[in-house]
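Remarks on the structure that follows.
The values are calculated or read from the model by the stated rules, or taken from the named source; none is laboratory data. The shown structure was predicted, so the numbers you read here are calculated from the model rather than taken from an experiment. In this analysis, Cβ positions are derived from the backbone assuming ideal geometry, glycine residues included, and neighbour counts consider all displayed protein chains.
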């Protein structure tokens, strides 16, 4: 995982303090700060399937949908997509 990959996915930000967190047998969890041009800092967490790991289509989407549903009733992190579609419907994890 490289900060430049995250910055490309998030737009015009500088990624600082990229650190992999422990735990999680099947997914990777990373924390970092996304610093905008105006100095605003967004503290973010990225969850992703590790490179080369077979995954069931939609599992990360289902997890993000559940977190979004929680926003209606309680404090919950906002979710942004961690994949983007390439040609022919394939996916690339950030």
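Observations, loosely collected:
- Test: residue in the range 81-90 that is farther than 19 Å from residue 9 by Cβ, assigned to a helix (DSSP H, G or I) and either under 14 Å from the mean Cα position of the chain (by Cα) or at pLDDT 80 or above (or both): no
- The set of residues in the range 2-59 being in contact with a strand residue (DSSP E or B) (Cβ under 6 Å, 6 or more places away or on another chain) and not in a strand (DSSP E or B) consists of 3, 6, 7, 10, 21, 27, 49, 50.
- Which numbered condition residue 69 fails, given (1) at pLDDT 80 or above; (2) assigned to a loop (DSSP other than H, G, I, E, B): (2)
- Residues in the range 18-45 that are touching a helix residue (DSSP H, G or I) at 6+ places or on another chain (Cβ under 9 Å) and at pLDDT 85 or above: 18, 30, 32, 34, 42, 44.
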